[in-house]
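Below is one structure, written out as structure tokens; comments come after it.
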Amino acid sequence: MSILRHSISRGMIYLILMAGSVGMLLPLVWMTSSAFKPLHEVMRIPPTWIPEEPTLDNFRAVFAQFPFGRYFLNSLITSSLITLSVVITSAMAGYALARFHFPGRDFLFVLILSSLMVPFQTRMIPLYQLAIRFHLQDTLLGVMFPWLVDAFGIFLMRQFMMTIPADLVDAARIDGASELRIFWTIMLPLVRPAIAALAIFTFLGSWEEFLWPLIITSSDVSRTIPVGLQFFSEQYGTNVHWQMAGALIAALPMLVVFFVLQRQIIEGIALTGMKG
Amino acid sequence: MSSVLSQEAYGRMKTLHLNRRVRMWLWAYGFMAPSLILFVLIVLYPSIEALRLSLYRWSLFGSKEFVGLLNYQRMLRDPLFWQSIRVTLIWTIGVVPCVMVLGLATALALNQPWLMGRGVFRTIYFVPVMTSIVASAFVWRWLFEPTFGVVNWILRQIGVADPPGWLASTTWALPALMIAGIWKQVGYAMVLFLAGLQTIPRELKEAAEIDGASPWRTFWHVTLPLLNPTVVFVAVILVINAFRVFSIPYVMTSGGFTYLTPGGPLHSTRVFVLHIYDLAWKQFDFGYGAANAIVLLLMIMTVTLIQLRILQRPFEY
């Protein structure tokens, strides 16, 4: 009796998990299938899940009207440089805060921690003012500059570097190693998992950023994929089949990254609590 | 003689030591410098400047006019301010508990030792988190299309004769956006809960089971109390995300067949950040926009301080 109840409840759990999976995947399946359908088939009721008249025309149309290569390049350049800057500045500042004694250290640390409470959305009007003063509207530097340093990254690096035994650094100092050498050859290799997590999340976060590029870009010179996709949709509002092809192209790079780095991403979220 | 010598030696040692200390300070400031310069420029200055701007009337192009607290007084009488606060609170109250419950339930199921295909389920539930937010919003916009959309097709299949007009309706537009928001975040909460559950020793649950506690009682009296720090942490992150939500409402309510305006129809989906964006970049009311942005800061600070009070430890990582 108890065994029967047991297996029924286990079966229920499988069933609920599978129903949930259908809900999670349905939007993506619909997007993918619509991207390969002509418009009249996208509109068909009941919907066809596997295209009956499969076509690649949507992709041809999208690539003809939508400088996807340019947006992709803009996203790649801005996200890579932001990641580089955040990793370097966070690791350096984290090292100073974790392993040096200097006047003002605790004040700086508290200041950086408190700034975590100030959301980007509160700073965005003054940041826009700065962008105008330095003529950064509609440039790649304009897209990047609000993100070049990350208080959370500094905090994260400091926390990880605190866990590295001080003896290790002191021993190297007695051996006469320079501070730069200690930082580069001892500290950095020891906190590699944290750096990897920080780099992955900074890159993904920059890749996905929508609000700031919406504010600062006004032409294809600087549009990144998310705003480029939105701009495209505003131009061709009713062409669902093209929109779905565009959405699929835009979603693909991050999904590929996810399947390649799945373990690091999921463990990284658990490790740092960061949002992908 | 010998005492003079040793004093000299002591003095030299002291100078050496001081030199070393100053040298270490310089190294430290050197390591801090790149971060500090950028931090002052893009975090500290804009935070203070936002507060200052909130006391001015400024249209970006003209000169700034000091108006004291007038922007804040105007807010109290501004129906759009209250509307956007209302929409944001509905979003928070609707989305956060749903994401928490669904995320925790999924994590509990995936944490069962007998479960097969754990990795596959985890990947599936996490895929929405990794799907481009603009692309997701596009798809949901069409899924909710009243006549040929999949959502209403399913509703008709299960016997709803007159399904809602979703994004075209002032009542149903916000729930439609919230469903998309929940879908996007469940996997994220699940991963955090799974990590939390793995820190709970299995022996504790086994002990409760041997004592004859039902799974339900074990959950309420053993698992949940031990998971408390994770629950608070996830709740705070989700509430802050809810206060700052922008992309899903903006994309889902703009473009498309009807050419809706973002935040529409009739401001029924005007979340707070969309309100700030609209004030500043559509109406060029930058001073008033800054004052609204300060209110957002106060909302987020309140939640963060409550979290600190509950956990009594500054950070829980």
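The values are calculated or read from the model by the stated rules, or taken from the named source; none is laboratory data. Predicted model only: the values in this text are computed from it and were never measured. With ideal geometry, Cβ positions are generated from the backbone for all residues, glycine too; neighbour counts draw on all protein chains shown. Note: accessible area is taken over every heavy atom of the protein model, side chains too, but ligands, DNA and RNA are not part of it. Shrake-Rupley method; radii C 1.70, N 1.55, O 1.52, S 1.80 Å.
Here are B:Trp25, B:Trp58: which of them is under 30 Å from A:Trp184 (Cα atoms) and not basic (Lys, Arg)?
B:Trp25
Pairs are defined by a Cβ separation below 7 Å, a sequence spacing of at least 6 or placement on different chains, a first member in the stretch B:189-207 that is farther than 22 Å from A:Ile269 by Cβ, and a second member that is part of a helix (DSSP H, G or I) and open to solvent by 10 Å² or more (accessible area, probe 1.4 Å); the pairs so defined are B:Leu204/B:Val222; B:Lys205/B:Val222. The numbered conditions (1) in contact with a Pro (Cβ under 6 Å, 6 or more places away or on another chain); (2) surrounded by fewer than 19 Cβ atoms within 10 Å (Cβ to Cβ); (3) at the interface with chain B (Cβ under 8 Å from one of its Cβ atoms) are all true for A:Asp220 except (3). With respect to being part of a helix (DSSP H, G or I), open to solvent by 50 Å² or more (accessible area, probe 1.4 Å) and at pLDDT 90 or above, B:Leu18 falls outside the description. One residue alone among B:Leu53, B:Leu115 is among the hydrophobic types (A, V, I, L, M, F, W, C), within 9 Å of another protein chain (Cβ to nearest Cβ) and touching a Gly at 6+ places or on another chain (Cβ under 6 Å), and that residue is B:Leu53. Please specify each residue of the stretch A:152-170 satisfying the condition of being open to solvent by 50 Å² or more (accessible area, probe 1.4 Å) and either assigned to a helix (DSSP H, G or I) or in contact (Cβ under 8 Å) with a residue 60 or more places away in the chain (or both). Of everything in the stretch A:152-170, those that are open to solvent by 50 Å² or more (accessible area, probe 1.4 Å) and either assigned to a helix (DSSP H, G or I) or in contact (Cβ under 8 Å) with a residue 60 or more places away in the chain (or both) turn out to be A:Gln159, A:Phe160, A:Met162, A:Asp167, A:Leu168, A:Asp170. In the stretch B:132-153, of all residues being part of a loop (DSSP other than H, G, I, E, B) and touching a residue at least 24 places away in the same chain (Cβ under 8 Å), the one that is nearest to the chain's Cα centre (by Cα) corresponds to B:Phe144.
The set of residues in the stretch A:99-138 being among the basic types (Lys, Arg), within 8 Å of chain B (Cβ to nearest Cβ) and out of contact with any Pro (no Cβ under 6 Å at 6 or more places or on another chain) consists of A:Arg105 alone. Exactly one residue out of A:Ile82, A:Ile50 is open to solvent by 50 Å² or more (accessible area, probe 1.4 Å) and not polar (S, T, N, Q): that is A:Ile50. Pairs meeting the criteria (first residue in the stretch A:184-209 and in contact (Cβ under 8 Å) with a residue 24 or more places away in the chain and open to solvent by less than 20 Å² (accessible area, probe 1.4 Å), second residue charged (D, E, K, R) and assigned to a helix (DSSP H, G or I), beta carbons under 9 Å, at least 6 apart or on different chains) are A:Met187/A:Arg99; A:Ala197/A:Glu267. Before we move on, is B:Met252 on the phi < 0 side of the Ramachandran plot, open to solvent by 30 Å² or more (accessible area, probe 1.4 Å) and either modelled with pLDDT under 90 or in the same structural domain as B:Ala109 (by TED's automatic domain parsing) (or both)? It is false that B:Met252 is on the phi < 0 side of the Ramachandran plot, open to solvent by 30 Å² or more (accessible area, probe 1.4 Å) and either modelled with pLDDT under 90 or in the same structural domain as B:Ala109 (by TED's automatic domain parsing) (or both). Residues of the stretch A:258-276 that are modelled with pLDDT under 90 and facing chain B (nearest Cβ under 9 Å): A:Gln262, A:Ile265, A:Ile266, A:Glu267, A:Ile269, A:Ala270, A:Leu271, A:Thr272, A:Gly273, A:Lys275, A:Gly276. Of the residues making up the stretch B:154-174, those that are open to solvent by less than 30 Å² (accessible area, probe 1.4 Å), in contact (Cβ under 8 Å) with a residue 60 or more places away in the chain and not polar (S, T, N, Q) are B:Leu167, B:Ala173, B:Leu174.
If you go through the stretch A:41-93 and pick out every residue that is touching a residue at least 12 places away in the same chain (Cβ under 8 Å) and either in contact with a His (Cβ under 6 Å, 6 or more places away or on another chain) or in a helix (DSSP H, G or I) (or both), you end up with 29.
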